[in-house]
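The values are calculated or read from the model by the stated rules, or taken from the named source; none is laboratory data. What you are looking at is a predicted structure, and each value in this text was computed from that prediction instead of being measured. Note: ideal-geometry Cβ built from the backbone for every residue, glycine included; neighbour counts use all protein chains shown. We work out accessible area using only protein heavy atoms, side chains counted, and drop any ligands, DNA or RNA first. Shrake-Rupley method; radii C 1.70, N 1.55, O 1.52, S 1.80 Å.
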Amino acid sequence: MSEQVILTALPEDKGSRIDKYISDNIAELTRSAVQGLIEKGLVLAEGKAVSKNYKLRGGEEISVEIPEPEPMDAVPEDIPLDIVYEDDDLLVVNKPKGMVVHPAHGNYTGTLVNALLHHCGDSLSGINGVIRPGIVHRIDKNTSGLLIVAKNDASHLKLAEQIKEHSFTREYEAVACGYFKETEGTVDAPIGRHKTDRKKMCVTTENSRNAVTHYSVIKQYGGYAHVRLRLETGRTHQIRVHLSYIGHPVLGDDVYGKPYKGIEGQCLHARKIGFIHPTTGEYMEFTSELPDYFVSILAKLEKM
């Protein structure tokens with residue numbers, strides 16, 4: 001089934017080409033993909049089909065019909081994996097910064113899923129389809145750290161249920177900007193898609209889901225802080241959105257904060273993961289060492 005997205009151009013968008021405007025505001029569409037939709041008559045401005053060089057007047061309603069994607073198979077690739085734990089039911093993988101979890105527009109190869117298919121063969125759960133086999137939960141491309149992967153559907157369902165019931169332990173560490181007046185606290189604020197920039201999430205009461213993040217400051221460095229965070233829920237970009245919302249964006253986050261010279265993307269690491277094993281019923285917990293880029297930033301802050 002196709003998806004229809006409605007955008008409303010702002011006055012400051014006047015003069016922008018419509019293909020660039022749409023690709024800037026719908027995360028899953030590249031500019032060339034938008035041009036393809038325009039050629040098929042699937043992009044309307046005030047109810048009328050437009051050309052790819054149409055320039056916005058500002059204030060008009062833009063309708064974009066996104067067809068259902070054609071089936072695509074992820075292919076196995078011999079990519080090294082840092083496997084922390086593995087048995088017949090699951091794996092715990094330490095994902096490096098910069099690796100995408102599963103294939104999507106613009107990233108069809110080199111992902112964690114491509115590597116898992118090579119390592120596990122057919123031994124991955126199929127609940128999330130051919131593009132996301134075994135993937136129970138995700139972390140962002142530029143977030144490093146621990147991720148659990150299910151090898152069969154029964155394990156996948158039990159692990160997913162733990163996440164849903166908030167009994168699944170997920171702790172992160174981050175370097176955040178600004179001085180924290182309160183060294184621990186909870187951010188309880190619903191998260192949904194940003195109204196005008198679909199590449200971003202935001203705190204909002206409209207079309208949102210509840211989101212809860214607990215934080216504690218490990219050490220302050222003047223204008224920065226080393227922070228520990230525990231997720232009670234797991235919304236898209238949750239930590240990044242919540243820290244930005246309280247005025248402490250993650251260092252290097254070029255979407256919800258500002259870029260930081262020397263690293264690409266946010267300084268955020270999935271440090272600890274804990275769960276009840278779907279077969280044995282035993283509680284298992286794993287911790288990942290802070291990666292080199294994170295340690296290097298802390299060392300620079302120490303000197304400052």
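For the list (1) within 22 Å of Tyr108 (Cβ to Cβ); (2) free of Cβ contacts under 8 Å to residues at least 12 places away in the same chain, I need the number of the one condition that Ala33 fails.
(2)
Of the residues Thr186, Thr204, which is without any contact (Cβ under 8 Å) to a residue 60 or more places away in the chain, under 27 Å from Leu290 (Cα atoms) and either among the polar types (S, T, N, Q) or outside the structural domain of Glu282 (by the TED database) (or both)?
One residue alone meets the criteria, Thr186.
Could you list, in sequence order, all residues of segment 260-271 that are assigned to a strand (DSSP E or B) and open to solvent by 10 Å² or more (accessible area, probe 1.4 Å)?
Arg271
For segment 121-129, state whether one or more residues are of a type in the set (S, T, N, Q), at pLDDT 95 or above and in a loop (DSSP other than H, G, I, E, B).
no
Count, please, the residues in segment 216-238 that happen to be β-branched (Val, Ile, Thr) and either touching a Ser or Thr at 6+ places or on another chain (Cβ under 6 Å) or more than 14 Å from Cys267 (Cβ to Cβ) (or both).
3
On the given criteria, is Thr109 part of a loop (DSSP other than H, G, I, E, B) and open to solvent by 40 Å² or more (accessible area, probe 1.4 Å)?
Answer is yes for this residue.
Can you work out which of the residues in segment 144-159 that are of a type in the set (Gly, Ala, Ser) and crowded, with 19+ Cβ neighbours inside 10 Å is farthest from Glu282 (Cα to Cα)?
If we take residues in segment 144-159 being of a type in the set (Gly, Ala, Ser) and crowded, with 19+ Cβ neighbours inside 10 Å, then Ser144 is farthest from Glu282 (Cα to Cα).
How do the strands (runs of 3 or more DSSP E) wholly within segment 1-98 filter down when requiring 2 or more residues that are under 30 Å from Ala150 (Cα atoms) and open to solvent by 50 Å² or more (accessible area, probe 1.4 Å): which remain? It would help to see each step written out before you state the result.
Numbers: elements: 3-8, 43-45, 61-66, 83-86, 90-95.
Correct list: 83-86.
If you check Gly134 against the conditions, is it modelled with pLDDT under 90, assigned by the TED database to the domain that holds Phe286, surrounded by 18 or more Cβ atoms within 10 Å (Cβ to Cβ) and within 25 Å of Glu232 (Cβ to Cβ)?
Yes.
Please enumerate the residues belonging to segment 217-248 that are open to solvent by 30 Å² or more (accessible area, probe 1.4 Å), among the small types (Gly, Ala, Ser) and either farther than 22 Å from Phe294 by Cα or part of a strand (DSSP E or B) (or both).
Matches in segment 217-248: Gly234 only.
What about Glu173, is it open to solvent by 40 Å² or more (accessible area, probe 1.4 Å) and among the acidic types (Asp, Glu)?
So Glu173 does not fit the description; no.
Being open to solvent by less than 70 Å² (accessible area, probe 1.4 Å), in contact (Cβ under 8 Å) with a residue 40 or more places away in the chain and either out of contact with any Ser or Thr (no Cβ under 8 Å at 6 or more places or on another chain) or part of a loop (DSSP other than H, G, I, E, B) (or both) narrows it down to one residue among Gly257, Gly274, Gly281; which is it?
Only one candidate qualifies: Gly257.
Of everything in segment 135-166, what is in contact (Cβ under 8 Å) with a residue 60 or more places away in the chain, closer than 14 Å to Ile276 by Cα and not in a helix (DSSP H, G or I)? Give them in sequence order.
Listed by number, the residues that qualify are Ile148, Ala150, His166.
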